Amino acid sequence: MKQGIYKIENPKGSIYIGQSKNVDERLNRYKKLQCCKFQLLLYRSFLKYGVENHTFEILEKGDFTKEELNKLEKEYILKCNSFRKLNKLGMNLTSGGDSIEFDDSVKKKMSDKRIELFKAGQRNSKLTLENVIEIKKLIAYKTPLRKIGETYGVGITTISEIKAGRSWNDVPNYIVPENEKHLVSRTNQFSRLQKLTEQQRLEVLELIDKKELTFEQIGKLYNVTKGAISAIKRSKIKFGK
């Protein structure tokens, strides 16, 4: 008996109801931030409040058919009032089961064609929803747009449109966890240089601490400007890393 219905609630009382063929495995994967990126409100809640601050509960467990799971999911979404369209605190973007009844906020951001493609599992000829979620994460970490485009086989203009919100704006931007924000700053400072590895950065910090060389002298050792060395020091002071 692996199939079941589960409930996840965040510290603010927002609820997500889901179904799975293996409910125990699904909840364990959620706790590792896996398989939740398509449940966008739930994913953002995990990032904002921390997975550990959510409660996980199995509501039903047994030998259910797909039709029975769909029915139970719809019933519990209605019972827990977790459909975003009816309750702004809800984290279910559809009414449950195999329904494609979207929350109004989602429908406003999706064209009729997008909804049709969403039902088919893909939204344009090159990028899938999963691709765009990963692209928005790379954008959040300040990865060079050209590099992102090359990775996914699209032009820099396509990535720029996603970054500016002129395309795929129904997919929420990735929220960088607090404990990784120092990585965003560091990537932003050195993506243009693309010369220093993480090991080299640590070596530079050691030289700075020894105070035997000026920033300009250290920069010459690594073929970067003294401004780059100064930026490394500022990052260490600000983020402690």
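With each label point set 7 Å from Cα along the Cα-Cβ vector, what nm distance links Thr214 and Phe56?
Computed distance between label sites Thr214 and Phe56 equals 5.7 nm.
Beyond 24 Å between alpha-carbons counts as too far, so tell me which of Lys2/Lys32; Lys74/Lys163; Lys126/Lys163 fall in that bin.
Lys74/Lys163
With charges only on Cβ, +1 for K and R and -1 for D and E, what is the dipole size of the range 1-43 about its Cα centre, in debye, rounded to 20? If you can, show how the numbers build up before the last one.
Numbers: 9 positive and 3 negative charges, 22 e Å.
Dipole of the range 1-43, to the nearest 20 debye: 100 debye.
At what distance in nm do the modelled label points of Gln200 and Lys21 sit from each other, each positioned 7 Å from its Cα along Cα→Cβ?
Rounded to a tenth, the inter-label distance reads 4.8 nm.
If the chain between Lys31 and Leu221 were fully stretched, how many nm would it gain, using 0.36 nm times the residue separation less the Cα-Cα distance? Before the final figure, lay out each step's value.
On the way: separation 190, 0.36 × 190 = 68.40 nm, distance 4.44 nm.
Between Lys31 and Leu221, full extension yields an extra 64.0 nm.
In nanometres, what is the gap between the two model label sites at Lys126 and Asn169, each 7 Å from Cα along Cα-to-Cβ?
Roughly 2.1 nm, to one decimal.
All of the numbers you see were taken from the coordinates with simple rules; none came from a lab. What you are looking at is a predicted structure, and each value in this text was computed from that prediction instead of being measured. Cβ: placed from backbone, ideal geometry, glycine included. Neighbour counts: every protein chain shown.
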